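I have placed the structure first, in the form of structure tokens, so that the comments after it can refer back to it.
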């Protein structure tokens with residue numbers, strides 16, 4: 001007998017019985033721990049894939065921006081080429097030529113009058129003429145005396 005009054009074999013039997021009862025729980029906890037470890041590895045792998053996809057999306061965005069720039073350049077060339085073939089007669093209808101930076105002169109923030117006919121350039125106000133020149137000749141504004149001819153040249157409606 002032990003000091004608590006229980007027989008000496010009781011503690012061993014109790015421990016054995018508890019082990020037998022807690023073993024399934026211990027095994028389940030081990031399985032849960034293994035599952036959590038596996039999930040952590042999967043989450044880490046997913047995180048790496050997401051970072052890779054993010055880099056690829058950024059590359060695609062850059063490619064799209066490059067394509068947009070190329071499209072604007074082609075649009076400018078097409079409009080200028082079309083306008084050059086129109087001549088200067090009274091029935092001429094010119095295409096809008098985007099500014100060098102790709103912006104449309106007819107929309108915000110410019111809102112300039114449309115140049116439908118080569119004669120429309122001569123009718124521009126000084127302010128509108130300056131704005132057209134700033135868009136077609138950024139950083140090198142033509143002198144006031146040559147601005148009308150410069151705009152006509154820029155849009156392909158040779159003076």
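What follows is calculated from the coordinates using simple rules that are stated; it is not laboratory data. Nothing here was measured: the structure is a model prediction, and the numbers come from that model. Note: ideal-geometry Cβ built from the backbone for every residue, glycine included; neighbour counts use all protein chains shown.
In degrees from 0 to 90, rounded to the nearest 10, what is the angle of the helix 126-136 Cα long axis to the longest principal axis of the chain? It is inclined by approximately 60 degrees. Summarising the label geometry, the points placed 7 Å from Cα in the beta-carbon direction at residue 158 and residue 11 lie 11.2 nm from one another.
Take the Cα of residue 68, go 7 Å toward its beta carbon, and the backbone nitrogen atoms of region 110-128 under 19 Å from that spot belong to 110-111. Here the extension length gained between residue 39 and residue 56 equals 3.6 nm, from 0.36 nm per residue of separation less the Cα-Cα distance. Overall, the anisotropy analysis places region 79-130 in the oblate class: the square-rooted eigenvalues a ≥ b ≥ c of its C-alpha gyration tensor yield a/c not less than 1.5, with a/b not exceeding b/c. Normalized C-alpha radius of gyration of the chain, against 2.2 N^0.38 Å? Rg over 2.2 N^0.38 Å, computed on Cα atoms: 2.61. Peptide packing: for 54-60, 99-105, the average count of neighbouring Cβ atoms within 10 Å per residue gives the ranking 99-105, 54-60, highest mean first. Using a simple spin-label model with pseudo-atoms 7 Å out from Cα toward Cβ, residue 49 and residue 126 lie 6.6 nm apart.
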